[in-house]
Amino acid sequence: MPQARALGRSISKPAAIISPDAPATTHTVANALVNTSAPPVSTAMTPTTAPTAIDPRTTFSQNLWSDNTLPPVALHGPRNGGDEWPRGIVPARSPKRWAIPTMPRMSLDLLFLGTGTSAGVPMIGCDCVVCTSDDPRDQRSRPSVMVSYPDETDTQRIRHLLIDTSPEMRTQVIRHGITHLDAVLYTHAHADHIFGLDDLRRFNAVMDGPIDIYGDQHTLEVLHAMFGYIFQSHKNINKSFVATLIAHEVKPGEAINLFGVRWTPLRLLHGRLPILGYRVDFGDATGSLAYCTDVSSIPPETYPLLADLDVLVIDALRYRHHPTHMTVDQALEVVDRVKPKRAFFTHIAHDIMHADLEPKLPDSVMIAHDGLRVRCAEHSATTAPESEKPHGRI
């Protein structure tokens, strides 16, 4: 793997990330490579302490990773333009197609629905090289991910939990055939993370039941004020079809149990605004991940909660300094300190072209893109571009 051009801060990469026997190497990144369902319930939103367990609800589910739900998908070929195929991916019939391995029944899986900034990429009115790129990995909708895993009490039932509801949530879930959600967890109340909330009503209708949502006190208060027609629907002049949501307040460091899986809210800083990330632990040996978007710094008390991760998702907005987001170099420093088995960058601006940066990153670090699927248990990743939809529904 080639080193990045020595234009930025030098980062020492522990050899254990790649191989226990490999010598330590140094990686840097450029500062600027591119200039460019249940009975009806009240919708009143009274925050409650999150339960230690959630009663399963009868909802449609299907194995996300079965062979007949996701065909092989077209990409641009081997990583870095060479003969090396990404870890866990093997060539299929054509050298430009990657085959998707069968998903183990007991696993923790991550789907990147959106990986862009608050403005998205391409941006309105911009004709830079990234905004006009024909590489689908450079087309980034607003940030959101879906975490999927089998229910603890019924491993045939796959639970799907969404982190944030972006403005493109409707098109994101349609693209991937998602027809049910078991919960939504919010990181913070900025527009690019909450403006898709209204579309949760369709899941209410499809599942015939309410949806649990989780967030800190500030986020729940903003949601209550911004979406008053939902949370105070009794005041609406006309009887209308609105989402039915059950709000639960969560606090940093206080773990909750959702369908047998441990979720730990993480305190992060988005500039001066305290926000949440989430750590997800699925069993003792079947996967762990942490999702840390929109972060500019990580408080000291949070670092112990990021130990021993299989997957770390971390904000890496651009090469230049930003007051409320990490740069690529700062994100690499976090990776170097936390030492996850793999790391993925998200919330990426149009300053970064995927094909330019990824070859310069350490082997254990990748740039996430819309449609990327990560399997925390078996260390592989696949993708589904806009042009190809999964067969069947999730």
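The values are calculated or read from the model by the stated rules, or taken from the named source; none is laboratory data. Please read all numbers here as calculations on a predicted model, not as lab measurements. Glycine also receives a Cβ, built like all others from the backbone with ideal geometry; neighbour counts cover every protein chain displayed.
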Query raised in the report: What is the one condition in (1) in a strand (DSSP E or B); (2) surrounded by fewer than 21 Cβ atoms within 10 Å (Cβ to Cβ); (3) under 19 Å from the mean Cα position of the chain (by Cα) that Ile246 does not satisfy?
Result: (3)
**Report entry** Which listed residue is in a loop (DSSP other than H, G, I, E, B), surrounded by 21 or more Cβ atoms within 10 Å (Cβ to Cβ) and among the hydroxyl-bearing types (Ser, Thr, Tyr), from Thr165, Thr219, Thr153
**Finding:** Thr165
Report summary line: In the stretch 270-315, residues that are closer than 21 Å to Val184 by Cβ and of a type in the set (A, V, I, L, M) total 9
Query raised in the report: Scanning the stretch 365-384 for residues that are touching a strand residue (DSSP E or B) at 6+ places or on another chain (Cβ under 6 Å), modelled with pLDDT under 95 and in a loop (DSSP other than H, G, I, E, B), which turns out farthest from Asp135 (Cα to Cα)?
Result: Cys376
Report summary line: Scanning the stretch 277-309 residue by residue, the ones that are among the charged types (D, E, K, R), in a loop (DSSP other than H, G, I, E, B) and more than 18 Å from the chain's Cα centre (by Cα) total 2
**Report entry** Pick from the stretch 105-144, criterion aliphatic (A, V, I, L, M) and part of a strand (DSSP E or B), ranking: nearest to Arg262 (Cα to Cα)
**Finding:** Leu110
Query - Candidate set: the stretch 168-187, residues that are out of contact with any Phe, Trp or Tyr (no Cβ under 8 Å at 6 or more places or on another chain), in a loop (DSSP other than H, G, I, E, B) and at negative phi; chosen: the one surrounded by the most Cβ atoms within 10 Å (Cβ to Cβ) - result: Glu168
